[in-house]
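The values are calculated or read from the model by the stated rules, or taken from the named source; none is laboratory data. What you see is a predicted model, and the numbers here were worked out from it, not measured in a lab. Note that each Cβ is placed from the backbone with ideal geometry, even for glycine, and that neighbours are counted across all protein chains shown.
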Amino acid sequence: MSQEIEHTVRRGECINSIAARYGFFWETVWNHGPNSDLKRERENPDHLLPGDVVVIPALREKHESRATEQKHRFRRKGVPIELVLRILKDPAEHRVIALDPDDNDPGNYDDQPKVIEEEPDPEPEANEAYELVVDRKSFTGSTDADGVLKARIPPTARRGRLTLRKGADDERVLNLNLGDMDPVDEPIGAAKRLMNLGYRCRPDTELTSGLRAAIRAFQTDQELDETGDLDDKTRDALVQAHGS
């Protein structure tokens, strides 16, 4: 019988990929007694932070009785996992450019045009044909009316490539980092969710001025107090809006 292993989480790993690596269901690893403190701290098993330590249970042998000189098929349970994505239109591609007549006098040739940029709320990529390639396996289909697609992928998958409207003039390609979502109570986790929701910021590990501006914009849209801080209400609203 093997012994427990302490696994240090690396960038791009999630509880599914870690459990699959050691031959367990993710629930078995997540609910293992020595992981109780980590479970309370992270709450969501999909939102681990690099450096977290996950204790892997000891493997136990299982014996099956089968007739000899015959072929038998054994199916591994719990594989694959479901990937769920909601795709939004890129705000930069749908920006409205307008000239303010009060600031631009056509009779004054020395006056430089002043451009006002209005960024509408991102809309879903609804009912769009897609091709998803993960681990050299291709999935095709269409997003639903809310821009959502679902696919069954290996738990150890790390990279993916999603193409919308393949071959069309407005083809859109998205590179996916799978298993790379950090906890929402960490600045980098909040930033990644805000970016996915169309807010302009960078995946910073600190609450920078740019990230605070994105948080305030999100708080405004959610009718929350515009503090620029990751308070409980803001985190809850962010998880709900993002879906995880």
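Brief remarks on what is shown
- Scope region 207-242; condition more than 12 Å from residue 184 (Cα to Cα) and of a type in the set (Ser, Thr, Tyr); matching residues: 208, 209, 220, 227
- Meets criteria (over 19 Å from residue 184 (Cβ atoms), assigned to a loop (DSSP other than H, G, I, E, B) and not aromatic (Phe, Trp, Tyr)) for residue 60: yes
- From the options 120, 101, residue that is modelled with pLDDT under 50, of a type outside the set (S, T, N, Q) and in a loop (DSSP other than H, G, I, E, B): 101
- Test: residue in region 9-20 that is in contact with a Ser or Thr (Cβ under 6 Å, 6 or more places away or on another chain), under 27 Å from residue 192 (Cα atoms) and either surrounded by 13 or more Cβ atoms within 10 Å (Cβ to Cβ) or at pLDDT 85 or above (or both): yes
- Among residues of region 13-57 being part of a helix (DSSP H, G or I), farther than 16 Å from residue 81 by Cα and among the small types (Gly, Ala, Ser), the one that is farthest from the chain's Cα centre (by Cα) is 33.
- For region 77-92, the candidate set comprises residues that are out of contact with any Gly (no Cβ under 9 Å at 6 or more places or on another chain) and part of a loop (DSSP other than H, G, I, E, B); within that set, the residue that is modelled with the highest pLDDT is 80.
- Lone unmet requirement of (1) within 29 Å of residue 200 (Cβ to Cβ); (2) at pLDDT below 80; (3) out of contact with any strand residue (DSSP E or B) (no Cβ under 8 Å at 6 or more places or on another chain) for residue 61: (1)
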